[in-house]
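The values are calculated or read from the model by the stated rules, or taken from the named source; none is laboratory data. Keep in mind it's a predicted model, so treat the numbers as computed, not measured. Here the Cβ is made from the backbone with ideal geometry for all residues, glycine too, and neighbour counts use every protein chain on show. Note: areas computed on protein heavy atoms with side chains; ligands, DNA, RNA excluded. Shrake-Rupley method; radii C 1.70, N 1.55, O 1.52, S 1.80 Å.
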Amino acid sequence: MAESILAQLDVVLAARKDASPDSSYVASLHHKGLNKILEKVGEEAIETVLAAKDAEISGDNSKLIYETADLWFHSLVMLSQLGENHQPVLDELARRFGLSGLDEKAARK
């Protein structure tokens, strides 16, 4: 199901990339360009971090889930703006699966 949601989002984001900025939020972001989209990704990243800190204290992850969805969504808009979709990200995660994070980090040096 998650894959189908990502695929559906890819279709919508691609369609709205060339749509009138008055027709949707995503179209307006695409129209404003990469810098505005990056600003939104940064804003959502900060909100996600703050929600995680709050969740640690409260034990309630609902706002964290909400903010993470916003972060992922705006990251997908960013990828769309640059002509990509979710699949290369999933492919990269799959490539890393089973690879020790410590070994991978050591190999970068």
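List every residue pair whose Cβ atoms sit under 7 Å apart, with the two residues 6 or more apart in sequence or on different chains, where the first one lies in region 80-109 and is surrounded by 10 or more Cβ atoms within 10 Å (Cβ to Cβ) and the second, anywhere, is modelled with pLDDT of 80 or more and β-branched (Val, Ile, Thr).
Within 7 Å, the pairs are Gln81/Ile37.
Before we move on, is Glu47 under 18 Å from the mean Cα position of the chain (by Cα) and not in a helix (DSSP H, G or I)?
Judged against the criteria, Glu47 is not a match.
So, Ile37, is that one open to solvent by 60 Å² or more (accessible area, probe 1.4 Å) and modelled with pLDDT of 95 or more or not?
When the stated conditions are applied, Ile37 does not pass them.
Being open to solvent by 40 Å² or more (accessible area, probe 1.4 Å), among the basic types (Lys, Arg) and modelled with pLDDT of 95 or more is the requirement here; does Lys63 meet it?
yes
Here's the yes/no breakdown for (1) part of a helix (DSSP H, G or I); (2) under 14 Å from Ala7 (Cβ atoms):
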position	(1), (2)
Asp70	yes, no
Asn85	no, yes
Glu92	yes, no
Gly98	no, no
Ala106	yes, no
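Between a residue in region 18-40 that is among the aliphatic types (A, V, I, L, M) and any residue that is surrounded by 14 or more Cβ atoms within 10 Å (Cβ to Cβ) and not in a helix (DSSP H, G or I), which pairs come within a Cβ distance under 7 Å, given they are 6 or more apart or on different chains?
Note: pairs meeting the criteria are Ala27/Ala19; Ala27/Pro21.
Of the conditions (1) more than 17 Å from the chain's Cα centre (by Cα); (2) of a type in the set (S, T, N, Q); (3) closer than 26 Å to Ile37 by Cβ, Asn61 fails just one. Which one is it?
Single failed check for Asn61: (3).
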